[in-house]
Amino acid sequence: MATYTLPELPYDYAALEPVINPQIIELHHDKHHAAYVKGANDTLEQLEEARDKEAWGAINGLQKNLAFHLSGHILHSIYWHNMTGDGGGEPLAADGVGDLADAITESFGSFAGFKSQLTKAAATTQGSGWGVLAYEPVSGRLIVEQVYDHQGNVGQGSTPILVFDAWEHAFYLQYKNQKVDFIEAMWAVVNWQDVAKRYAAAKERADVLLLAP
């Protein structure tokens with residue numbers, strides 16, 4: 001049995017129109033995300049074979065492949081739930097996400113400052129990557145990370161709670177080479193209820209993994 005499986009989408013392919021068209025959602029989920037799941041499972045099998053044979057000549061490549069595919073699977077699994085056709089705007093206490101709204105203001109000075117930083121981080125990622133809002137448990141604050149590929153340039157232990165996919169396969173069929181237009185449009189489909197749940201969960205488990213008491 002495979003260790004990792006492709007999750008079902010929480011909505012149909014057309015649910016995020018006009019921000020993301022159905023063709024992109026279908027290809028992105030059914031092809032690209034599925035490839036990361038397969039890649040992670042295949043790499044685990046190759047590592048098992050290497051252990052059985054004590055054949056470690058390819059260990060560096062295998063470890064890199066595992067990090068790449070597994071991180072791609074995890075980030076995409078968050079990505080689908082971070083979006084909703086009924087989303088957008090900004091998190092407000094009136095909508096039951098006041099703790100998240102307060103944390104954003106405390107960490108970035110204002111929602112506008114946070115939105116600007118995450119937009120720029122995602123839109124200016126060199127090559128392929130992500131813009132990520134993450135909970136950083138050592139400081140107990142939120143940070144923006146600029147992730148290269150799926151796994152590079154991240155703070156160890158930080159938990160992603162909102163992710164913007166800036167790979168070309170996420171937008172090119174609709175937005176061509178205008179990555180910044182796609183990132184700016186993404187704000188209209190952010191599912192703040194999902195982000196708030198992830199923030200609460202990250203805070204609850206923050207003190208059990210990092211740093212000796």
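Each Lys and Arg adds +1 at its Cβ and each Asp and Glu adds -1 at its Cβ; summed about the Cα centre, the chain shows a dipole of about 440 debye. Rounded to the nearest 20 debye, the dipole size of segment 99-159 about its Cα centre is 200 debye, using +1 on the Cβ of Lys and Arg and -1 on the Cβ of Asp and Glu. Dividing the mean sequence gap of close Cα pairs (under 8 Å, 6+ apart) by how many residues segment 117-213 holds gives a relative contact order of 28 percent.
Cross-link partners for Lys176 among the lysines, with Cα-Cα distance under 28 Å and sequence neighbours closer than 8 places in the same chain left out: Lys31, Lys38, Lys115, Lys120.
Anyone know which of Lys120, Lys203, Lys53 comes out most mobile in the 10 Å Cα GNM of the chain? Maximum among the listed residues: Lys53. Accessible area per residue for the chain, computed on protein heavy atoms with a 1.4 Å probe, is 52 Å². Mean-square fluctuations from a GNM of the chain, with a 10 angstrom spring cutoff on Cα atoms, peak among Glu49, Glu145, Glu184 at Glu49. How high is the relative contact order of the chain, given as a whole-number percent (alpha carbon pairs under 8 Å, six or more residues apart)? Relative contact order comes out at 23 percent. Taking the three principal axes of the alpha carbon atoms in the chain, the coordinate ranges are 59, 50, 32 Å, sorted in descending order. For segment 73-139, the equivalent ellipsoid derived from the alpha-carbon gyration tensor has semi-axes of 21, 16, 13 Å in decreasing order. Span-like helix criteria (full DSSP H runs; alpha carbon extent of at least 27 Å along the helix axis; mean Kyte-Doolittle hydropathy of at least -0.5) are satisfied in the chain by 59-81. Working from label points 7 Å from Cα in the Cα-to-Cβ sense, the Glu8 to His169 distance is 2.3 nm. Only protein atoms count toward the accessible area here, which uses a 1.4 Å probe; on the chain, the carbon and sulfur part of that area reaches 50 percent.
The values are calculated or read from the model by the stated rules, or taken from the named source; none is laboratory data. Quick caveat: nothing in here was measured; it's all calculated off a predicted structure. Cβ coordinates were reconstructed from backbone atoms using ideal geometry, including for glycine residues, and neighbour counts include every protein chain displayed. When the accessible area is computed, the model is the full protein with side chains, heavy atoms only, and any ligands, DNA or RNA have been set aside. Shrake-Rupley method; radii C 1.70, N 1.55, O 1.52, S 1.80 Å.
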